[in-house]
Every structure is written in structure tokens, then in C-alpha cells.
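Encoded as C-alpha cells, the structure appears first; notes follow it.
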Amino acid sequence: MLPFTTLTGIAIPLLIDDINTDQITPAQARRSLHPDYHAAWFSRWRLDEAGNEIADCVLNAPQYRGAPILVTGRNFGCGSAREGAAWAMVARGIRCIVARSFSDFYRANCVQNGILPVTLDQVDMAALERAVTEASGTHPVTVDLEGQAVISPDGERFSFTMDPAERMMLLEGLDDIGLTMKHMSDITGWEQRTAEEQPWLQAIPKV
Amino acid sequence: MLGGAEIDVREMHRNMALTLFDKIWNDHLVAVRPDGRALVYMDRTMLDEVRAPHVFARIEQRGLAVRRPDLTFVVQDHSVATAPGRTETTRADSAEIILATRASSHRHGVRLFDLHDPEQGISHVIAPELGMVLPGGTHACADSHAATVGALGALAFGCGSTELEHILTTQTMALARPATMRLMLHGRLDPVVTAKDVILHVIGRLGVDGAAGHAVELAGPALTAIPVEGRFTLCNMCTELGARTALAAPDDAVFEWLHGRPMVPAGAAWDVALAGWRGLRSDDEARFDTEIDIDCTGLEPQVTWGTDPSQTIGISEAVPDLAAAPPGREAAWRRALAYAALPSGKPITGTPITRAFIGSCTNARLSDLQAAAAVIRGRKVAEGVQAVVVPGSMTVRRQAEALGLDQTFKAAGFEWHESGCAMCAGGSGARANPGERIMSTTNRNFEGRQGRDVRTHLASPAMVVAAAIAGRIVDVRHLVAGEA
Ligand code: SF4
């Protein structure tokens, strides 16, 4: 997974509350054995029934193509815990989501997938929303995880807090597996000891 | 880093009374991560065809490998057809995942219990049946009823797809330690009253979140009097209490049940293992976060009336009205009563059914089929009722056939299927038609689980057979007494 240190890029203002995982990736995307998460990302909002892009959807606006930051509303990622809703962000190159708040599951899924979930205090959030909307893709936002700050398109700096373990995972590019892999010698040690003390747990007769 | 912590833990234990859960957890604790999660080693992992192709594909995409293919097992159970003569393509909509499961299991060198394997069956039935899961061991299974095998004194956890990737690549789960609960079952069960009735009653008393966040240890005189296969039923349905897992201290009955099974240590290794397993019980002074006592004396056969397993009554009772809803559950009860389409205040006996289903990881082991067949005694399934028996595993099926049970069922008008989850969750395309009412030995009566607008009544195998014969919900004790 890519480590997250500092990111400078265009931010998409998607100022809607309660965006759920079904809106981020419709359930159909999960049924296929080889789901196309790039295509599934907000597909119901971006595409009409014939599969053509809807011109006045902000997510299709030319200035926001390839933008790596999403600025959004309250309770982002609510609904089912499906992880595909985070994979779709990765597939689209979104590396940071600044929201008024997140659903717990979605927030955890973001960290697992190297996406930085940021929440700011209310006043700062309102200022950032305004600045991002006014900039309309002309000026970038900078997100600095080491310094725990967001610099808005008009240059204003807002600080945010972050759980230390989550911050470490993002900075080092570790997901859940990566975090555990740091303990590989403990795991191997456990296996060796158990192979001696309770060999039946480590070796199974072939059936 | 762990070295120091581990010595401390071991030192502490010498002075501390531990629960059975603590003992197995501590024994499998590999390390504590910086985020506070405990890395708990998983001795055996099992996954089904609904998860396997996706999880293997994700591991490949990330350039990782299955760490211990020798401790990993795959089974085709959720979406396979069960009607005799099935093939991979019997169900067109599941053929793709069945074939993908086969291919990916082979790629990773993992033992697959495939469609035509003589040991194929429902994961929670074949894992103990093969002796894959052992007392004092840990087990991860990609399904919410993993705790079934806790009846052997093992610690089992269900898991989702992302957790599975973690388990397959590291052989550990990163867990928050659950609270502990002891569920003491007192008293004596009447004849014909089974583990299923006990657990439905318990869920009725405690509610569907009654054990939320807890590792439940089942104990008490009524528990030890229940045969091992019934204890699987109890642990299986602790999931419906919201429990994180469930287990029971292994006793001689468990050791006897396990001895000689294919994956169990044999000879001198058995003796060594057994000596250790005898210590697998909660210490007398061990403290639990929650203690619950339930008296099983005088318990009637149970049946659910609603849309969650807590909506349970004794067979002689009436369907409740809204006033009986537990505090805060009024809305759920209103919806359940409307869906159930049964008059409040009227007895549940006499309710006509259209289907009877004997199967699932809850109630499709040999003893369940024996109890079911015993009720038949030459009688026939009522006209207008479709009745099916789906053994929990192909091994159970063969054992039942050796005892002639298949003949008993078929002569009575039951269909006799091959093994799989079948109508438990409708996954294999086995679903009833809108408006049907099913008596079912399964574990979930959720709205629509067995088909749109289908009403599910959960009960024991004996109760399901009695209803199949009568064509309506009846008290199996009357049927048995009438014949005696
Ligand atoms: S029988 Fe039902 S509850 Fe058991 S594993 Fe299969 S689908 Fe799940």
C-alpha cells in the first residue's frame, strides 16, 4: 500500500450528507467475480440508464477528473459495511476524504486501504467547504498527515487530530495485514513452540 | 517485544483463576499490536465457495501467499444444489463460483471438500466430524455460525472477507477481547425436549442481543446431560444471542465422540493431548463479566412465531400480542406480528404449513435425523406438504442410510437429499413460494430468508416431522404419546 505523507491536489466538493455505500458502489458491483470498481464508483449518480455520463453531475466535471481529494458531508459511508465502497475510491485515485463525519465502518475501511479520512471542527469545515467550492478546481488543497493539517485553496491552514495507530499505518503504508506482518517473528515463534508442546495443533493427518 | 509481556502473562496466570475462554485465548495470544488488537493464532481456517474465489483473488492481486495451506480448508456448501444427482451446473447461477472455488483452491494447494467429495457437507458439520477442530484449539470460519464447534471446547470465530485475507496470510486474527458470560443450564429436560428447545427458550428470554459482545461458556447439569451433538446445536445458536463466540468445557462424552476421527491425534499422541484437554475447564474461582442462570426443568418443545429467533413460545402457548413485546422492541414486534399473519391470543398449534425442512448446521447431524425418523413410525407426510431432509454432511447421509433412515423418510414421503445449506438461507436456489409457511430445523427465521413473503417457524427435528405428518403445527409429545 502507498504510504501517505503529504498530498497536494484538487478537491471535489460533494457537499451532501449521509452518502451511503450503496451510492458509492451499487450492490451489483459485488456480485461479479471480477468487479470493475473504477466503473462502479458513484455509477448511479454519474451515469444514466444507458451508461452515458450525466453532464451536470459534479463528479463528471472536467476540472475534477483525476482529483485525489473528496470534501463531503455528514455520516459519509453509512449503510452496509461493504469494503468495495473503499476499493472504488482507490480505483478512482481518491487518497483523502475530508468529511463532516464518517460512519465507523467506512472510516476503518479507508485506513485499511490507504485513504486518509479527515474530520475538521465545524467552523474550519465550513470554511474549507466554501474555499473548495469557490476555487472550483483552480487551486489545490494540501493535506499534510505528518503535520496533521489541511491547507485550503485560499491558503488557510486547519489542523486535525488522528488516532496514533491509524496515523502510523497510513504514514508507513500498512494495512491490517501489514500491521500484523510486523509481528511475523512472534507468529513463527508461536508456531515453533506449539509444534513442540501441542504438535497436533500444528500438523494434521491428511484426509 | 512480546517476550517480556508473555512471561508476565504466564506469571500472572499462576495466581489467577481463569475461565475456559481465557485459557484458550491466552494460549493462542501471539502479540498485541500497537492499535491494541490482540493477534490470536488460528489453528484451523475454513472458507466456503461464496468467499473463497474472491479472497484468493485478492491475496493474489496483492502478491501475498496463503501462509499455511496445510491448516486451511475450503468447502462447497452454501450454494450447491442438494437434490440427488446434482452437478456443478445444476444451479446455473452458482456454477461460476463453484468452478472458481475449485480452481483457486487447487492453485493454493488447499484441501477442498468439493461437490462430489465423500466428506462434503456444511462447514460447521464436517469440521468437528473430521476432527479438524480440537479441544483447546482455535478455528476461524467464514460464516457467522462458526461457534458451533465450541461444543468441543474449541474457540471459534466467524469472519468476513477482509478478515479472511488477514487470517490466510498471517494465520492470526486481530481481535478485541470479548467480555465473558457463563450461561448455566440447570434442571432436567423432559423426553422429546431437545437442545434446540433449550436454546430457543434461552434466546426468547435473553433476546437477540442478549450475549452481544460476549464469549459465552455454556455450563451446568442440563448442559452436561445433553449429548455432544446437541451441544453443537446450542453453541450454533448462541450466534442468535449476538454472542461473539460460544464454547463448553469438554468432558468424557466429548473425548469419546472425538476419539478415532480422521484428523484427531492417534496412539500415544492422543494420550498426551487428552491429558492436556482434561484441564480445559473454568477454574472454580474464575470470574465472568456476566452470569446467567436458566432452569430447563419442565421446558416444553418450542416454536418461533415471528421473524427473529427470540420470538419463541412453548408449543402449548398462544401467539402473543403487542403488549408482550419487550421494552424498546414494540416496532419490531408490530412488524413481526404483521408478517407472521397469525392471530394474537390464539394457540399456535393448528397453524397449517406447506413445507417441512430438516437440515442446516443447527440440526442435521445423525442424532437429529434419528430423532426425526423416530417420530414417523409408519405415518405419512400430510397432503399438500412438501417435506425434505438434507443431511448435514455426506458422511451423515451414509451413516443414516446404513441405519435405513433414508428408507423411513422416503416411505413417509420426505425427499432425501445430498448435503449442503439448501433451504437454510435460500442460497442454493432452494426457496419457497410467496405466502408459504415452513417448519424448519434451521437457525434463522428472518423475513424473506427462505423466500419472499415466506414464514419460517424454527423448531426441533421431532417437531418438524410432527408438523409434516399433521400438516399443521402440533405438539410432538401428543403424537408420540398417541402411538406409545
Ligand atoms: S446451514 Fe445455514 S446457517 Fe448453517 S452455514 Fe449454511 S447457510 Fe449458514
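If a/c stays under 1.5 just call it rounded; otherwise compare a/b with b/c (prolate if a/b is bigger, oblate if not). Do that for the range B:352-441, with a ≥ b ≥ c from the square roots of the Cα gyration tensor eigenvalues.
Oblate, because a/c is 1.5 or more while a/b does not exceed b/c.
May I ask you to list the GluC sites (Glu not before Pro) in the range A:1-86 that are in a DSSP loop and have at most 16 other Cβ atoms within 10 Å of their Cβ?
Working: sites: A:GLU49, A:GLU53, A:GLU83; in loops: A:GLU49, A:GLU83.
Those that pass, being in a loop and sparsely packed, are A:GLU49.
In deg cm²/dmol, rounded to 500, what helix-only [θ] at 222 nm does the protein assembly as shown give when every DSSP H run of at least 4 residues adds -39500 (n - 2.57) and the total is split over its residues?
-10000 deg cm²/dmol
Report the charge-dipole magnitude of the protein assembly as shown in Debye, nearest 20, computed about the Cα centre from +1 at each Lys and Arg Cβ and -1 at each Asp and Glu Cβ.
Once rounded to the nearest 20, the dipole reads 1340 debye.
Counting only protein chains, not ligands or nucleic acids, how are B:ASP70, B:ASP293, B:ASP43 ordered by accessible area (probe 1.4 Å), most first?
Per-residue accessible area, sorted high to low, gives B:ASP293, B:ASP70, B:ASP43.
Charges only on Cβ, +1 for Lys and Arg, -1 for Asp and Glu: so what's the dipole of the range B:238-376 about the Cα centre, in debye to the nearest 20?
The dipole of the range B:238-376 has a size of about 760 debye.
List the relative contact order of the range B:90-182 as a percent without decimals, with contacts defined as Cα pairs under 8 Å and 6+ residues apart.
Answer for the range B:90-182 is 15 percent.
Can you give the mean number of other chain Cβ atoms that lie within 10 Å of the Cβ atoms in peptide B:22-35?
4
Is there a quick way to get the dipole size of the range B:445-484? I mean about its Cα centre, with the Cβ of Lys and Arg at +1 and of Asp and Glu at -1; what is the value in debye to the nearest 20? Mind showing how you got there, number by number?
Values: 5 positive and 4 negative charges, 23 e Å.
Roughly 100 debye for the range B:445-484.
Quick one: ranking B:MET42, B:MET16 by accessible area, 1.4 Å probe, largest first, what do you get?
B:MET16, B:MET42
Between the range A:128-207 and the range B:78-115, what's the alpha-carbon centroid distance in Å?
First find each Cα centre; the distance between them is then 36 Å.
Which shape class applies to the range B:398-484: rounded if a/c is under 1.5, otherwise prolate when a/b exceeds b/c and oblate if not, where a ≥ b ≥ c are the square roots of the Cα gyration tensor eigenvalues?
Values: a/c = 2.26, a/b = 1.26, b/c = 1.78.
The shape class here is oblate.
Counting only other chains, what is the mean number of Cβ atoms within 10 angstrom of the Cβ of each residue in peptide A:178-185?
If you average over the peptide's residues, the count of other-chain Cβ atoms is 6.
Please compute, for the alpha-carbon atoms of the range A:1-72, the extent along each of the three principal axes and give them in descending order in Å.
36, 32, 23
Quick check: net charge around A:ASP144, other residues with Cβ under 15 Å of its Cβ, Lys/Arg +1 and Asp/Glu -1? Before the final figure, lay out the partial values.
Values: positive: A:ARG95, A:ARG157, A:ARG167; negative: A:ASP124, A:GLU146, A:GLU156.
For residues surrounding A:ASP144, the net value is 0.
For the range B:122-165 and the range B:49-63, what is the separation of their Cα centres, given in Å?
20
Taking just the C-alpha trace of chain B, give me its Rg and Dmax in Å.
22.0, 70
Summarise the partner chain shielding of A:169-177 as one whole number: the mean count of Cβ atoms from other chains within 10 Å of each residue's Cβ.
3
Among B:ALA38, B:MET423, A:VAL98, whose Cα projects farthest towards the positive end of the dipole of the protein assembly as shown, with charges put on the beta-carbon of Lys, Arg (+1) and Asp, Glu (-1)?
Value computed over the given set: B:MET423.
What is the local net charge at A:ASP22, summed over the other residues whose Cβ is closer than 9 Å to its Cβ (Lys, Arg +1; Asp, Glu -1)?
Around A:ASP22, the surrounding residues sum to +2.
Can you sort A:LYS206, B:LYS410, B:LYS196 by 1.4 Å-probe accessible area, starting with the largest?
Final ranking, largest accessible area leading: A:LYS206, B:LYS410, B:LYS196.
Ignoring everything but the protein chains, give the 1.4 Å probe accessible area of B:THR351 in square angstrom, nearest 10.
Accessible surface of B:THR351 is approximately 10 Å².
Could you tell me the distance between the Cα centroids of the range B:352-379 and the range A:88-119, to the nearest Å?
49
Run the reach check for B:LYS380 against aspartates and glutamates, Cα to Cα strictly under 18 Å, same-chain hits fewer than 8 apart removed. What comes back?
B:ASP406, B:GLU415, B:ASP475, B:GLU483
Relative contact order, percent, of the range A:1-95 when contacts are C-alpha pairs under 8 Å separated by at least 6 residues?
So the answer I get is 44 percent.
Taking only the C-alpha atoms, wrap a convex hull around the range A:61-207 and report its volume per residue in Å³ as a whole number.
Details: hull volume 22.5 nm³, N = 147.
Dividing the Cα hull volume of the range A:61-207 by its residues yields 153 Å³.
The values are calculated or read from the model by the stated rules, or taken from the named source; none is laboratory data. As the structure is a computational prediction, the values presented were derived from the model and not from experiment. Here Cβ is always computed from backbone atoms with ideal geometry, including for glycine, and neighbour counts include all displayed protein chains. Heavy atoms of the whole protein, side chains included, go into the accessibility calculation; ligands, DNA and RNA do not. Shrake-Rupley method; radii C 1.70, N 1.55, O 1.52, S 1.80 Å.
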